[in-house]
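Data block below; observations after.
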Amino acid sequence: MESPQDNDEFRKNRQGPVMLKQKKYIFITGGVLSSIGKGVSAASIGMLMEQRGVEVSLIKMDPYLNVDPGTMNPFQHGEVFVLDDGSETDLDLGHYSRFVQGVQFTRKNSFTSGRIYDSVLRRERAGGYLGETVQVVPHITDEIKRSIRDACQNVDLAIVEVGGTVGDIESLPFLEAIRQINREEGLQNVLFVHLTLVPYIETAAELKTKPTQHSVKELREIGIQPDILLCRSDRRLPQEVKDKIGLFCNMSGEDVFSAIDVESIYEVPLYFHEEGLDQKITEKLGLSTTLPQLTQWENQVKKMRDPLSEVTLGIVGKYTDWRDSYKSLSEALVHGGVADQIQVRMQYLDAEEIEKEKSWDQLKAMDGILVPGGFGKRGIEGKIQAIQYARVNQVPFFGICLGMQLAVIEFARNVGQLKFANSEEFMPEGKDLVIQLMKSQKSLQEKGGNMRLGSYSCQILPKSLGGSPTRAFEAYQKEFISERHRHRFEVSNQYLPWLQELGLVISGKHSCAESKTELIEMIELPNHPWFLGCQFHPEFLSRFLNPHPLFKSFIQAVSLSKKEKL
Ligand code: GLN
């Protein structure tokens, strides 16, 4: 991978960060249930503190034993978020990246129990603990503490999210480690924030605090007294409910905050600020900071809430649990629309259904079609049909990673009449493999972390043959970019001259100096409102305040083509 670039601009222009003499820590735990918004809460606190001028970093610790989430099914665990340095991380790193601007996230910002155990066991085999009995306490907990400290060396405030729910057996070593950090760093330098659920029970017409009481009791049993409670509920907590929770949880009602359901995750930090959360954190940690600068964020939220038009986008994929497996993608589409106050309605279409129906009926109501990244054979024929529909009917199309590879297959089959065109991934013995396993991957045996991962440069073709700018150049307005990748297969260079002769424009390439090879990064079609595919994942670099150029340009094209049809 090459030239990490994420957020360089922000870091350069940041004015006078608040310098602290002593590093501070915020540990965020979750109780009662999973999926109540711990990641977004951590990201929102990060954003607010950063906008107060504090140099922050965010760290995610996951209790499972996989060394990283790279081999996990996104259907179970949500998407794998890829960083510049090629590490495959938890989707919460995606939230962090979209909310804070000054952090260069690396492999250190996300670790699992698996990785912790792996380092300890390797050290044990290498003789690192000769004579000792290696134990969870102190060896595993020491390694956790070392990893936390290592990840936040150069910042003033480390915000550390503990994955899982308090009460799970597997997150205990993490909780023990943060309890120890609290003693070691000084109580005034560490804050424990606990997120719980306060359900409203219709039949009793009451907000129920018992689950919160139990969850805090559990934390206190292991020596952690929360300093701040964030209570997720569908309505604001009245002061008397906060006081009651405070009484049962050994804290002041003033330190209990509501975290209500809001329409968009981007409203969460604004809501927290309104509730006084960042002020409370600032006081408790003894920081002296300015008020957060939220104008830009507020304006963006206003634009999002007040769209001028809307488009419907068909996203053709195979995972049925769309929301988390395509998290960064759906956020990037929201960002792309906010730029021009276009609301993007995402309609998830099951590729296998399209394949079965052998018809374009479902697609006809769509203003644009997107085929995202993916792995494996299931549903690919349906995706190819959707791409053909978009190409033939001049419907804006965006193909990402697998989506680009399938666009090349569709083109070879239906424009080039190469009926058996395919990818080595789906038909290893096929004869017309326009998509092949990358040479560098051929000898690899291990399944984890062995793809082409992370940031690589791409050179954009400014003009196509006819002299008009390429869509890629129109979007980026520059010739050299760098984007994040996660793939094993590539467009075969063998078919390239033929594909180009048929009219496929190669609008982005990566040149590898070592192997003297070129890898196709972007393709597009001329004489089409917008038909573009990229081998990389632009969604990983899209930010709420800084929408990705390709998403912006695609949504603009979708909106324009919709207007023209009316
Ligand atoms: N399965 C394809 C590959 O490995 C595409 C991967 C992706 O879409 N991320 O190249």
- Tell me which residues, restricted to the stretch 512-542, are part of a loop (DSSP other than H, G, I, E, B) and either in contact with a strand residue (DSSP E or B) (Cβ under 9 Å, 6 or more places away or on another chain) or at pLDDT 95 or above (or both). 525, 526, 528, 529, 530, 535, 536, 537, 542
- Take the residues of the stretch 387-414 that are away from the ligand (no atom under 16 Å from the Cβ) and free of Cβ contacts under 8 Å to residues at least 40 places away in the same chain: which is nearest to residue 536 (Cα to Cα)? 388
- Residues in the stretch 291-326 that are crowded, with 20+ Cβ neighbours inside 10 Å and in a strand (DSSP E or B) total 6
- Query: Would it be correct to say that residue 508 is modelled with pLDDT under 90 and under 28 Å from the mean Cα position of the chain (by Cα)?
  - Reply: no
- Query: Looking at the stretch 313-334, is at least one residue under 22 Å from the mean Cα position of the chain (by Cα), away from the ligand (no atom under 16 Å from the Cβ) and closer than 25 Å to residue 421 by Cβ?
  - Reply: yes
- Among the residues of the stretch 88-95, is there at least one that is surrounded by fewer than 22 Cβ atoms within 10 Å (Cβ to Cβ), in a loop (DSSP other than H, G, I, E, B) and hydrophobic (A, V, I, L, M, F, W, C)? yes
- Task: Return the total of residues in the stretch 415-432 being within 16 Å of the ligand (Cβ to nearest atom), part of a loop (DSSP other than H, G, I, E, B) and touching a residue at least 40 places away in the same chain (Cβ under 8 Å).
- Result: 3
- Of the residues that sit in the stretch 149-172 and are within 19 Å of residue 228 (Cβ to Cβ) and among the aliphatic types (A, V, I, L, M), which one is farthest from the chain's Cα centre (by Cα)? 166
- Query: Looking at the stretch 166-200, which of the residues that are at pLDDT 95 or above and of a type in the set (Val, Ile, Thr) is surrounded by the fewest Cβ atoms within 10 Å (Cβ to Cβ)?
  - Reply: 181
- Item | Test: residue 376 is within 16 Å of the ligand (Cβ to nearest atom), at pLDDT below 95 and either in a helix (DSSP H, G or I) or farther than 14 Å from residue 555 by Cβ (or both) | yes
- Message: Can you go through 435, 387 and tell me which one is assigned to a strand (DSSP E or B), touching a helix residue (DSSP H, G or I) at 6+ places or on another chain (Cβ under 8 Å) and within 25 Å of residue 484 (Cβ to Cβ)?
- Response: 435
- Could you list, in sequence order, all residues of the stretch 225-258 that are closer than 20 Å to residue 34 by Cα and of a type in the set (Ser, Thr, Tyr)? 233, 258
- Here are some residues: 333, 329, 287, 363. Which one is touching a strand residue (DSSP E or B) at 6+ places or on another chain (Cβ under 9 Å), more than 30 Å from residue 451 (Cβ to Cβ), aliphatic (A, V, I, L, M) and assigned to a helix (DSSP H, G or I)? 363
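The values are calculated or read from the model by the stated rules, or taken from the named source; none is laboratory data. The structure presented is a predicted model; accordingly, all values stated were derived computationally and were not measured. Ideal geometry is used to build each Cβ from the backbone, glycine not excepted, and the neighbour counts take in all protein chains shown.
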